[in-house]
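Have a look at the structure below, then the notes.
The values are calculated or read from the model by the stated rules, or taken from the named source; none is laboratory data. Given the structure is predicted, the values throughout are model-derived calculations rather than measurements. Note: ideal-geometry Cβ built from the backbone for every residue, glycine included; neighbour counts use all protein chains shown. To get the accessible areas, we keep the full protein, side chains included, count just its heavy atoms, and leave off ligands, DNA and RNA. Shrake-Rupley method; radii C 1.70, N 1.55, O 1.52, S 1.80 Å.
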Amino acid sequence: MEKKNIDWGNIGFGYMEADYRYVSYYKDGKWDDGALVTDPNITLNECACVFQYAQTVFEGLKAYTTEDGHIVCFRPDLNASRMVDSAKRLVMPPFPEDRFIDAVKQVVKANAAWVPPFGSGATLYIRPYLMGINSVIGVKPADEYMFRILVTPVGPYFKGGAKPITIKVSDYDRAAPHGTGDIKAGLNYAMSLRPIMKAHEEGFAENMYLDAASRTKVEETGGANFIFITKDGTLVTPKSDSILPSITRRSIMVVAEKYLGMKVEHREVYFDELKDFAECGLCGTAAVISPVGKINDHGKEICFPAGMEEMGPYTKKLYDTLTGIQMGKIEAPEGWICTIE
Ligand code: PLP
Ligand code: COI
């Protein structure tokens, strides 16, 4: 397969228009057969529910080229089932999980030339999304829906690659006004646009959101869950019903325990505990594992001693093992790797 002529090592986290996208429509109570199409544009009625009431949910996963030249993706079954949960929360007909996986395979295979080569530092980001498309003016769900998948090659989510970032404690809540953050829905993310712009203007890479009720517990950032390492090498990661159940975080918990023999705690994490942790990182499909060096709490800094200049030692081990599994260098637990070609 002839790859596209792209400087893979120097691309950021942006959108490039690949050759194919997948589309399926829901009408009269059922999904059609779906197809690959070439047109990247969508034409919809001005009153489509997605425009008026943001009835849209999405997912995010990646395809990787392994050392021996296969194209694989990582745990797409978990994206398929999380998208069902997101869809139900927004009263949308879920796209069937087996068809989701099949559609991911089809669209990645068709765009094989866009899957960055092994070792390039880039990967193919896969963005499935679902929206209400018929006209709706009273507040109610649509009757007709479109499910699509676009793909785009991406590099590191945070500028500077593996360099530790500084984040700030946000005064905003992560969740949308009428909902919770535990779904990947358009409105959740729209509500986080002002906080992220504010953080960037102030020189921070991301926001740390605290729990809305008491503002004493750590939730997540705008696009990733948190992992912390205690001074004695335990992985601690926040448990909350209002954060996105990150597939990367769930995978890291298994990697830490089963591959690295670490103790793992999935529990409520109080902001006051942060000063005692040795390492901090953000985890997600886009973020992979990105080290956090400093957290700024309204001018007061919390610095993580092991990760100010580079990834701390435990974060690095987790990163190497997780990405080793994703890129086919380390044997994966059963069912984690889905081979596309
Ligand atoms: N939290 C939020 C708000 C996200 O947008 C993401 C990205 O998808 C994550 C966490 C990480 O989830 P995952 O590891 O499934 O990509
Ligand atoms: C992902 O990691 O897939 C996300 O949706 C995060 C987003 C900030 C790009």
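Values as computed for the structure displayed
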quantity	calculated
Residue match in segment 26-33 (condition: open to solvent by less than 50 Å² (accessible area, probe 1.4 Å) and part of a loop (DSSP other than H, G, I, E, B))	no
Odd one out for residue 5 among (1) within 16 Å of residue 127 (Cα to Cα); (2) of a type outside the set (Val, Ile, Thr); (3) in a loop (DSSP other than H, G, I, E, B)	(1)
Residue 63 being within 16 Å of ligand 2 (Cβ to nearest atom), modelled with pLDDT of 95 or more, assigned to a strand (DSSP E or B) and open to solvent by less than 70 Å² (accessible area, probe 1.4 Å)	yes
Residue among 68, 33, 19, 39 that alone is charged (D, E, K, R), over 28 Å from residue 290 (Cβ atoms) and touching a residue at least 60 places away in the same chain (Cβ under 8 Å)	19
Selected residue (criterion: nearest to ligand 1 (Cβ to nearest atom)) from residues of segment 1-43 that are within 15 Å of residue 130 (Cα to Cα) and of a type in the set (D, E, K, R)	21
Extreme residue, nearest to residue 183 (Cα to Cα), among residues of segment 257-284 that are in contact with a helix residue (DSSP H, G or I) (Cβ under 6 Å, 6 or more places away or on another chain) and within 15 Å of ligand 1 (Cβ to nearest atom)	284
Leading residue by the ranking (surrounded by the fewest Cβ atoms within 10 Å (Cβ to Cβ)) among those in segment 244-261 that are within 16 Å of ligand 2 (Cβ to nearest atom) and over 20 Å from residue 87 (Cα atoms)	250
Some residue of segment 114-134 being out of contact with any strand residue (DSSP E or B) (no Cβ under 7 Å at 6 or more places or on another chain), open to solvent by less than 10 Å² (accessible area, probe 1.4 Å), in the same structural domain as residue 31 (by TED's automatic domain parsing) and in a loop (DSSP other than H, G, I, E, B)	no
Pair list, Cβ < 8 Å and 6+ apart or interchain, from segment 173-193 residues that are without any contact (Cβ under 8 Å) to a residue 60 or more places away in the chain to residues that are open to solvent by 50 Å² or more (accessible area, probe 1.4 Å) and within 12 Å of ligand 1 (Cβ to nearest atom)	176/191; 177/191
Qualifying residue in segment 78-85 (condition: within 17 Å of the chain's Cα centre (by Cα) and charged (D, E, K, R))	yes
Failed criterion for residue 241 (all others in (1) open to solvent by 70 Å² or more (accessible area, probe 1.4 Å); (2) in a helix (DSSP H, G or I); (3) modelled with pLDDT under 95 hold)	(2)
Listing of strands (runs of 3 or more DSSP E) fully contained in segment 273-330 that carry 1 or more residues being buried (at least 19 other Cβ atoms within 10 Å of the Cβ) and within 16 Å of ligand 2 (Cβ to nearest atom)	279-284, 288-297
